[in-house]
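The values are calculated or read from the model by the stated rules, or taken from the named source; none is laboratory data. Computed from a predicted structure; not experimentally measured. As a convention, Cβ positions derive from the backbone with ideal geometry for all residues, glycine included, and neighbour counts pool all protein chains shown. Note: areas computed on protein heavy atoms with side chains; ligands, DNA, RNA excluded. Shrake-Rupley method; radii C 1.70, N 1.55, O 1.52, S 1.80 Å.
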Number of protein chains: 2
Amino acid sequence: MSPEELPSMQGPVCPLPISQRDTVVIGHGSGGVLTHQLIRDLFQKHLNSPRLRAGNDAAAIELPASAPEGLRLVTSTDAHIVTPLSFPGGDIGRLAVCGTVNDVSMLGAEVRYLTATFILEEGLPLDELEAVVASMADAAAEAKVEIVAADTKVTEKGQCDKLFISTTGIGFAPASRRIAGDQAAEGDLVLLSGPVGNHGVAVAEARGNLGIRTAIRSDVAPLNGMIAALLQAAPGTHVLRDPTRGGLATTLVEIARQSGVDIALEEESIPVDPPVRKACELLGLDPLYMANEGKLIAIVPAHEEQAALSALNAHPLGKQAAVIGRVLGKSAGRLWLRTSLGTTRVLDMLAGAMLPRIC
Amino acid sequence: MSPEELPSMQGPVCPLPISQRDTVVIGHGSGGVLTHQLIRDLFQKHLNSPRLRAGNDAAAIELPASAPEGLRLVTSTDAHIVTPLSFPGGDIGRLAVCGTVNDVSMLGAEVRYLTATFILEEGLPLDELEAVVASMADAAAEAKVEIVAADTKVTEKGQCDKLFISTTGIGFAPASRRIAGDQAAEGDLVLLSGPVGNHGVAVAEARGNLGIRTAIRSDVAPLNGMIAALLQAAPGTHVLRDPTRGGLATTLVEIARQSGVDIALEEESIPVDPPVRKACELLGLDPLYMANEGKLIAIVPAHEEQAALSALNAHPLGKQAAVIGRVLGKSAGRLWLRTSLGTTRVLDMLAGAMLPRIC
């Protein structure tokens, strides 16, 4: 049989361009015509990677040219379920890119590629989805990463909340680099790149939880550029970590336990924007436990303190960077806070949930 | 300040071991104490990777020892939202591992690592979650892959349907290997590793959609072992693809369009288990459009046909492998089916949705 012997029976071609459908329908998750249409007319319009356009089940990536034994691959993954989808300073798309870019960067890796899955609720307006995907493309350009693979699934109405995005990041780090949560050592200084709590308060306000209007915006941002500058100035950096869910205090408790050291913080040195402090007082929340999406904790040896601080301060995202504490001796791993009143207390991880679905 | 100067104030330690809580609560998504408890007592119990236990934001992976210019990295990602969570022959955990293992393998890569995100609904019984995670661990062992990074989020009750899992796979392929959907060439043979439609029918039955009881089980399985054997026997293989959502017909239309060729199938040569055929007739569905999760399409040059078929038949997952069609000349990319009645028709991609949330 050859096509020439057969009548022309080209199958039906996508009858409705995507722009004329106004919401996600179940068929967009079928893997068939509507799925291909959604991918072509919405996702590929914004996420314009040749690897995505190739339409294979997977993406092939050339390894960096520099020596094989000289590099390690670094990967991280996060699900994003923030509500609402959009909030002052960002949206779920920007969050999904920055969150994973930042996590890969925290081992001192240069992040290069992202993959993304989208779980869509039937009935989601396509223009809302398109705004999120366009925001992802912008954030990826800002972070200089390429989205190389993606997948879309659709649930019936009421079986998910509009849109969830999972991202995975891939980067490369020099094989000799040993930045990790267990590397904090006695005498190290703890640096923080800027004020804490803005993301948590911005999302709470977007939900109407505050009861007041503030001008607070989420800090969601890719930190890889600032980290590259930091590591150039302070190549001996021991720990990098972004204090997201659970906030600054929970993250530092994690590090203290991983490294088996006590960490002491000076409350007065921890930057908190006054409107954030006020909003937290209204809500009965502690800014030290509020989520951040564009802040960096760096723990560096004493001899690199000034170089590290200068590098952070010189970066647009680190203008308010400060030294907020230091690493004490070996221990079971506790976090001490010397308060502005001169008293001292132990901070533990966040117990229970402060604000659900913050990221 | 040193810890010795301070009263003993070790923060509260997880008051309730995970086994005494019976469902997921919002606090499991907080990033704080409960999240750490869930990770330690449930996830790490089954997914026992040293990289996961390290508790960093990302996982570092040594690149394979063989030359840098000799390898390409291959990655793929998928969200899994199948309902119900468990069905004859598998569950969402096995599906999430196999689906991504298979996608990475389809570019001829050896898949090595997985990452996973979990979106949990408040109220999900923890024993149901644990069964899924244990199943993922079993499937990962079967596929010889390591789960190196993971993330857990929790939604309020009613904001997701029990459990969604996104996985991303990382593998490596020889840089010279060019297996992809656009490589089908005139004269190639189309091989299928076994009967189609079992996964779709098994899930439909588990939902009570069939109205009858059959013994049909999902075919969900990792295909990487069979593919390795195939590529050893038929290193000139042009295309590998697993016909999942959209089924055999949709997948072959995709390949025909990517390669710009027509493909002709012989209906009688396509294996379909009799109970699957009967169930499809009852449901008014076409097995050629039903989802599979453990079947392989291989398109090979004519001179490798016998070697490829023998390699597939020799593998436990390919005993019923058959040659089901061949690649015709250059075209816009159509799929022709010569039916058992001797007529010929064009098959298009699946229009609309056959069975939602099949994977």
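Some points to look at:
- Wholly within segment A:296-359, strands (runs of 3 or more DSSP E) carrying at least 1 residues that are modelled with pLDDT under 95 and assigned by TED's automatic domain parsing to the domain that holds A:Val196: A:322-330
- Close pairs from segment A:119-134: first at positive phi, partner surrounded by fewer than 16 Cβ atoms within 10 Å (Cβ to Cβ) and at pLDDT 95 or above, Cβ under 8 Å, at least 6 apart: A:Gly123/A:Lys157
- Considering segment B:35-59, and only residues there that are at the interface with chain A (Cβ under 7 Å from one of its Cβ atoms) and touching a helix residue (DSSP H, G or I) at 6+ places or on another chain (Cβ under 7 Å), the residue that is nearest to B:Pro125 (Cα to Cα) turns out to be B:Gly55.
- Looking only at segment B:308-355, residues that are surrounded by 22 or more Cβ atoms within 10 Å (Cβ to Cβ), within 11 Å of chain A (Cβ to nearest Cβ) and not hydrophobic (A, V, I, L, M, F, W, C) come to 2 in all.
- Unique residue being open to solvent by less than 40 Å² (accessible area, probe 1.4 Å) and either outside any loop (DSSP other than H, G, I, E, B) or within 12 Å of chain B (Cβ to nearest Cβ) (or both) when the list is A:Leu282, A:Leu288: A:Leu288
Here is a yes/no grid of residues against (1) closer than 29 Å to B:Leu107 by Cβ; (2) in contact with a strand residue (DSSP E or B) (Cβ under 7 Å, 6 or more places away or on another chain); (3) modelled with pLDDT under 85:
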residue	(1), (2), (3)
B:Arg21	no, no, yes
B:Gly27	no, no, no
B:Asp41	no, no, no
B:Glu69	yes, no, yes
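- Residue in segment A:183-196 that is open to solvent by less than 20 Å² (accessible area, probe 1.4 Å), more than 11 Å from chain B (Cβ to nearest Cβ) and over 23 Å from B:Ala58 (Cα atoms) present: yes
- Segment B:228-245: number of residues that are under 14 Å from the mean Cα position of the chain (by Cα) and either farther than 12 Å from B:Ala298 by Cβ or of a type in the set (Ser, Thr, Tyr) (or both): 2
- Just so you know, in segment A:266-279 the residues that are part of a helix (DSSP H, G or I) and in contact with a helix residue (DSSP H, G or I) (Cβ under 7 Å, 6 or more places away or on another chain) include one that is most open to solvent (accessible area, probe 1.4 Å), and it is A:Arg277.
- Those residues of segment B:207-233 which are open to solvent by 30 Å² or more (accessible area, probe 1.4 Å) and at pLDDT below 95, in sequence order: B:Arg207, B:Gly208, B:Asn209, B:Gly211, B:Ile212, B:Arg213, B:Thr214, B:Ala215
- Which numbered condition A:Val201 fails, given (1) surrounded by fewer than 24 Cβ atoms within 10 Å (Cβ to Cβ); (2) assigned to a helix (DSSP H, G or I): (1)
- Filtered residue count, segment B:46-76, keeping only those that are closer than 20 Å to B:Ala137 by Cβ and not small (Gly, Ala, Ser): 8
- Condition broken by A:Ala180, with the remaining ones in (1) assigned to a loop (DSSP other than H, G, I, E, B); (2) more than 10 Å from every other protein chain (Cβ to nearest Cβ) satisfied: (2)
- Flag if B:Asp273 is of a type in the set (D, E, K, R), touching a residue at least 60 places away in the same chain (Cβ under 8 Å) and within 9 Å of chain A (Cβ to nearest Cβ): no
- Filtering segment B:234-255 to residues that are small (Gly, Ala, Ser) and either crowded, with 23+ Cβ neighbours inside 10 Å or assigned to a helix (DSSP H, G or I) (or both) leaves B:Ala234, B:Gly246, B:Gly247, B:Ala249.
- Exactly one residue out of A:Gly352, A:Gly325, A:Gly318, A:Gly333 is free of Cβ contacts under 8 Å to residues at least 60 places away in the same chain and of a type in the set (Gly, Ala, Ser), and it is A:Gly352.
To keep it simple, each residue is scored yes or no on (1) β-branched (Val, Ile, Thr); (2) more than 11 Å from chain A (Cβ to nearest Cβ); (3) within 25 Å of B:Leu34 (Cα to Cα).
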| site | (1), (2), (3) |
| --- | --- |
| B:Val101 | yes, no, no |
| B:Ser105 | no, no, no |
| B:Ala109 | no, no, no |
| B:Arg112 | no, no, no |
| B:Leu129 | no, yes, yes |
| B:Ala134 | no, yes, yes |
| B:Ile147 | yes, no, yes |
| B:Asp151 | no, no, yes |
